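The values are calculated or read from the model by the stated rules, or taken from the named source; none is laboratory data. The structure displayed is predicted, hence computed values, not measured ones. Neighbour counts are summed over all protein chains in view; Cβ atoms, including those assigned to glycine, are modelled from backbone coordinates with ideal geometry.
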Amino acid sequence: MGMSEFYDPHDDAQSLETLAAALDYGVDFFDTADTYGAGHNEQLLGQFLKTRRDKVTVATKFGIVREPGVYERRIDNSPGYIQTACDRSLERLGIDQVDLYYAHRRNPAVPIEEMVGAMADLVSAGKVRFLGLCEISPATLRRACAVHPIAAVQSEYSLWSRDPEQEMLDTCIELGVSFVAYSPLGRAFLTGAVTSPDALAPDDFRRQNPRFQAEAMVRNKELVDALAVFATAHAAKPAQLALAWLLAKHDHVIPIPGTKRRHFLAENAEAVDIELSVHDVAALDAMFTPHRVVGERYRPEGMVGIES
């Protein structure tokens, strides 16, 4: 996502180099969406896939409809739109089949059975291999699985966003569904690199994110400072500890940290080598108890389509 918008200007040449380096590190699961950069992100990944399609598992999404450069959105889950959106994504990506196709957000006006039924038609047509859903409730997941197998649920999950622990993670285990954790580094806040909203680019969406506002940032930075101390004791970076925590807690959780730069890519990839004990995990759990995190995940318009 960040290779196309939301976080500073984008550099396609740099991004393509980072994607190639990721594959060299063994990262072969690439996540995009039609709404990222109004199609730019899929086109960028499509350039990369021209000579590497057989080496990469491609996930993309439909459902969030925005005007270019505008944060406000509407959610379209109608069967006709799903068919059109899939065809457009395939064209931008330059591929014949999407490995994992997600509904990016849910519009409750469209019954989940109707939406998943339309997605299942894409599987039957050979355009999609597996289906996924984003930011849904456990109840919705159960209804969806009754229509067609769901391979993955993608929601925000990190040390400072732990809602999935309430029920969703257990539901995924019960139903045999993988859980894909986006923003596992808290939009870079857990890395310790973001110390003030004023340091962000003028159009960086985090400037308006509630957790990055002045008072909230001061409170939240106390948690990140504690994480940095903990990481130093483990000879690691804070970002690496945040990823290692996710990997140590759950066998079925797949974190998808995003970065545009090879330096941070290397740090993230090395997190798989960090072994945390049960006591380490418990200590991090306690350090980031949800009531200590200040601010909502998104502005109100960003919460549209997110189920609890």
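Out of segment 299-308, which residues are part of a helix (DSSP H, G or I) and among the aliphatic types (A, V, I, L, M)?
Narrowing segment 299-308 to residues part of a helix (DSSP H, G or I): 300-303.
Listed by number, the list holds a single entry, M303.
Against the definition (in contact with a helix residue (DSSP H, G or I) (Cβ under 7 Å, 6 or more places away or on another chain), under 19 Å from Q154 (Cα atoms) and touching a residue at least 40 places away in the same chain (Cβ under 8 Å)), how does T35 come out, yes or no?
Numbers: in contact with a helix residue (DSSP H, G or I) (Cβ under 7 Å, 6 or more places away or on another chain): no; under 19 Å from Q154 (Cα atoms): yes; touching a residue at least 40 places away in the same chain (Cβ under 8 Å): yes.
In short, no.
Would you pick out the residues in segment 231-240 that are small (G, A, S), surrounded by fewer than 24 Cβ atoms within 10 Å (Cβ to Cβ) and assigned to a helix (DSSP H, G or I)? Don't jump to the end; show me each part of the working.
In the first step, residues of segment 231-240 are kept if they are small (G, A, S); the result is 231, 233, 235-236, 239.
Now drop any that are not surrounded by fewer than 24 Cβ atoms within 10 Å (Cβ to Cβ), which leaves 231, 233, 235-236.
A231, A233 - these are the residues of segment 231-240 that are small (G, A, S), surrounded by fewer than 24 Cβ atoms within 10 Å (Cβ to Cβ) and assigned to a helix (DSSP H, G or I).
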Q | Search result, residues across segment 241-273 that are more than 29 Å from T171 (Cβ to Cβ), touching a residue at least 24 places away in the same chain (Cβ under 8 Å) and either within 15 Å of the chain's Cα centre (by Cα) or in a helix (DSSP H, G or I) (or both) | A | T259, K260, R262, F264, L265, A266, E267, A269, E270
Q. From the list A188, A152, which residue is more than 25 Å from A266 (Cα to Cα) and within 17 Å of the chain's Cα centre (by Cα)?
A. A152
Q: Pairs only if they're at least six apart or on different chains, beta carbon under 7 angstrom, first in segment 54-73 and under 30 Å from G26 (Cβ atoms), second modelled with pLDDT of 95 or more and surrounded by fewer than 14 Cβ atoms within 10 Å (Cβ to Cβ); list them, first residue then second.
A: K55/D28; V56/D28; T57/D28
Q.
Can you confirm whether L131 is more than 24 Å from V304 (Cβ to Cβ), crowded, with 18+ Cβ neighbours inside 10 Å and in contact with a Pro (Cβ under 9 Å, 6 or more places away or on another chain)?
A. no
(Q) Of everything in segment 277-298, what is in a loop (DSSP other than H, G, I, E, B), surrounded by 14 or more Cβ atoms within 10 Å (Cβ to Cβ) and either among the basic types (K, R) or modelled with pLDDT of 95 or more (or both)? Give them in sequence order. (A) F288, R297
Q: Identify all residues within segment 1-53 that are of a type in the set (V, I, T) and part of a helix (DSSP H, G or I); write none if there are none.
A: T18
Q: Considering only residues that are touching a helix residue (DSSP H, G or I) at 6+ places or on another chain (Cβ under 6 Å) and in a helix (DSSP H, G or I), look in segment 56-88 and name the one that is surrounded by the fewest Cβ atoms within 10 Å (Cβ to Cβ).
A: P79
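Could you say which residue among V147, V116, V153 is in contact (Cβ under 8 Å) with a residue 12 or more places away in the chain, assigned to a strand (DSSP E or B), hydrophobic (A, V, I, L, M, F, W, C) and in contact with a helix residue (DSSP H, G or I) (Cβ under 7 Å, 6 or more places away or on another chain)?
Working: V147 fails: assigned to a strand (DSSP E or B); V116 fails: assigned to a strand (DSSP E or B).
After applying the criteria, what remains is V153.
A quick yes/no check of all residues on (1) under 17 Å from I95 (Cα atoms); (2) surrounded by 17 or more Cβ atoms within 10 Å (Cβ to Cβ); (3) out of contact with any Ser or Thr (no Cβ under 7 Å at 6 or more places or on another chain); (4) not basic (K, R):
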position	(1), (2), (3), (4)
P9	no, no, yes, yes
D12	no, no, yes, yes
S15	no, yes, yes, yes
G26	no, no, yes, yes
F29	yes, no, no, yes
A38	no, no, yes, yes
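Scan segment 211-226 residue by residue and report those that are over 21 Å from M287 (Cβ atoms) and surrounded by 12 or more Cβ atoms within 10 Å (Cβ to Cβ).
The initial filter retains those residues of segment 211-226 that are over 21 Å from M287 (Cβ atoms), namely 213-214.
Of everything in segment 211-226, just one residue is over 21 Å from M287 (Cβ atoms) and surrounded by 12 or more Cβ atoms within 10 Å (Cβ to Cβ), namely Q213.
Is one or more of the residues making up segment 104-111 assigned to a helix (DSSP H, G or I) and either touching a residue at least 40 places away in the same chain (Cβ under 8 Å) or among the aliphatic types (A, V, I, L, M) (or both)?
Here is the first cut: in segment 104-111, the residues assigned to a helix (DSSP H, G or I) are none.
No - not one qualifying residue is present in segment 104-111.
Is at least one residue of segment 213-229 outside any loop (DSSP other than H, G, I, E, B) and under 20 Å from D31 (Cα atoms)?
Scanning segment 213-229 turns up no residue that is outside any loop (DSSP other than H, G, I, E, B) and under 20 Å from D31 (Cα atoms).
Determine which member of the set T84, T140 is polar (S, T, N, Q) and in contact (Cβ under 8 Å) with a residue 60 or more places away in the chain.
Numbers: T84 fails: in contact (Cβ under 8 Å) with a residue 60 or more places away in the chain.
That would be T140, the only listed residue that is polar (S, T, N, Q) and in contact (Cβ under 8 Å) with a residue 60 or more places away in the chain.
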Q: Output the qualifying pairs, or none if there are none: Cβ atoms under 7 angstrom, residues six or more apart or on different chains, first residue in segment 187-215 and under 17 Å from P9 (Cα atoms), second residue among the acidic types (D, E) and at pLDDT below 85.
A: A201/D8; D204/D8
Q: Identify the residue in segment 163-204 that is over 24 Å from H104 (Cβ atoms) and crowded, with 20+ Cβ neighbours inside 10 Å and, among all such residues, is modelled with the highest pLDDT.
A: T191
